[in-house]
Structure formats: C-alpha cells, structure tokens
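**Q** What follows is a single structure, and I will ask about it in a moment.
Readers should treat all values here as calculations from the given coordinates under stated rules, not as data from a laboratory. As the structure is a prediction and not an experimental result, all values here were calculated from the model. Every residue, glycine as well, gets a Cβ built from its backbone with ideal geometry; the counts of neighbours run over all protein chains shown.
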Amino acid sequence: MFNLEELTRKWFAGANERRYSYNFKWMGRPIIQYPQDIVAVQELIWDIKPDLIVETGVAHGGSAVFFSSLLELNALSGGPKDAEVWCIEIDLRAHNREAILAHPMYPRLRIFDGSSLDEKIAQEVSKKALQCQRVMVVLDSNHTHEHVLGELNLYASLVSVGSYCVVFDTVIEDLEGVEFVDRPWGKGNNPKTAVAEFLKTNSDFMVDQAIDNKLLISVAPGGYLKRVK
C-alpha cells in the first residue's frame, strides 16, 4: 500500500544528508528553508498581517528579507504601513551584514547583535511588541533544548492571540540515525523537546496540526504554535 508519510520520512532523511535546504534564495539572499515551510509562513503572514515579526537567528538574512518583502506586500494590500521585522543574531558575519544593509528590503528591518536570551534585548523587543496589535515570533537560532525553551519563555508571550510562534528545526527529534557531531543539539535535546516542555505548563498555545498535515515535508513538525488565548 502506498504510504506517503513513510516515503516522506525516507525522502527527508536523504534530503537532509545532502543539505537540501541550502539550495534556495529569497530575493538574492540564502534562506536555508524548505519551500513548503516558506509557503506556509507566507500564508500565515498574509492572514495575520502582523505589525511586528520577531526573528531569532539571521544567518545569511534570507528569512529576514523574506519576512520584510511580505510585510511590504501586505502594506500594499491594506496591511500595516510601518510593519517591521526585528531580528536577533549573536554572530552576524560581516559579509552577510553588508549584503543585508544594501538590500532593498532592509528599511523594514532592525537587527540586534547579541544573544536572543539577553534580557536587555528581550526587554527592548517586548516594549516594541506592546505598541503593536499583531505580533508573530519565529525562533531559528541555537537549537538546543535549553536555548529554545529560554526563547519560548521570553518571546512567546509577545505573540498576539490568533497569531503564531513558529519554532524551526523541531525535525531534529524525528531524524533517525542522524548524528549532529559538530552541533550541541541532537535527539532528545532540540527545539521539539523544548516545545513539549513549554506546552506542559502553557495552555495559551496549541500545535497547529493542520499545517503539519498539509505540509508533510517540513523542518518544523509540531513547531507551528498558534496562540489561542
């Protein structure tokens, strides 16, 4: 019998081994995401029309540019005219910073240099979020359990009801036989375990299973957290 989910798992394992997510760019910047997740996040941003998107982890800046471009399109379609993306990155390489600063989508961006767990940064982001009607959060920096749980405790409360906190790379927990020898995370210590711990004591959020069910191929299974109250 044709088992799409089983085939998807096998395909994903092979794709991950071949660094499939590194094939794609958004408006010239490497985005390091799967196309399915890119489309899913686009749907959320269009529907929510956030005033503010908070992103932890910048890397090459592809996701930040992606978010900014969608906010620009929202502004042309009745969304907030002054919506922004506030990004936090502990190690933004000079060549990436230069490319982001020169990008036409940069005017909607603000970049904080430092750890997403830095209390001063979190406080400044929180002050901004309190001035906004609709806030969305995307967590994609250090993928250890402790770090992501810390981010959830700091930033999830900023998410407006009906909006989302998207936690990327929860798929780490689901990858069988994969060892992250050069990384501090792995099976049992990753964003998915952090989400599970967070949800034990937080009923304001629920995993949007409908997104998982339609994507199948995603680096964030169980990571699309909708704020319901």
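**Q** Considering the dipole of the chain built from charges on the beta carbon (Lys and Arg +1, Asp and Glu -1) around the Cα centre, which of ASN213, VAL41, GLY223 is farthest to its positive end?
**A** Farthest along the dipole direction, towards plus: VAL41.
**Q** Here's something else I'd like to know. Mind putting a number on the dipole of the chain about its Cα centre? Charges go on the C-beta only, +1 for Lys and Arg and -1 for Asp and Glu, and I need it in Debye to the nearest 20. Kindly include the intermediate steps, with their values, before the conclusion.
**A** Values: 24 positive and 31 negative charges, 99 e Å.
That gives the chain a dipole magnitude of about 480 debye.
**Q** Please give the Cα centre distance for the range 166-221 versus the range 1-64, rounded to the nearest Å.
**A** 14
**Q** Kindly give the semi-axes, whole Å and largest first, of the ellipsoid equivalent to the range 4-227, taking each as the square root of 5 times a Cα gyration tensor eigenvalue.
**A** 25, 20, 18
**Q** Take the Cβ-Cβ distance between THR8 and SER157 as r, set R0 to 25 Å, and report the resulting FRET efficiency rounded to the nearest 0.05.
**A** 0.15
**Q** To the nearest 10 degrees, how steep is helix 4-17 against the longest Cα principal axis of the chain, on a 0 to 90 scale?
**A** Helix 4-17 sits at roughly 70 degrees to that axis.
**Q** Identify, among SER77, PRO104, ASN202, the residue whose Cα sits farthest towards the positive end of the charge dipole of the chain, taking +1 on the Cβ of Lys and Arg and -1 on the Cβ of Asp and Glu, with the dipole about the Cα centre.
**A** The residue sitting most towards the positive pole is SER77.
**Q** So, counting K/R as plus one and D/E as minus one, what does the shell of residues with Cβ under 15 Å around LEU70 add up to?
**A** Values: positive: ARG29, LYS49, LYS81, ARG108, ARG134; negative: ASP37, GLU43, ASP47, ASP51, GLU55, GLU72, ASP82, GLU84.
Local net charge: -3.
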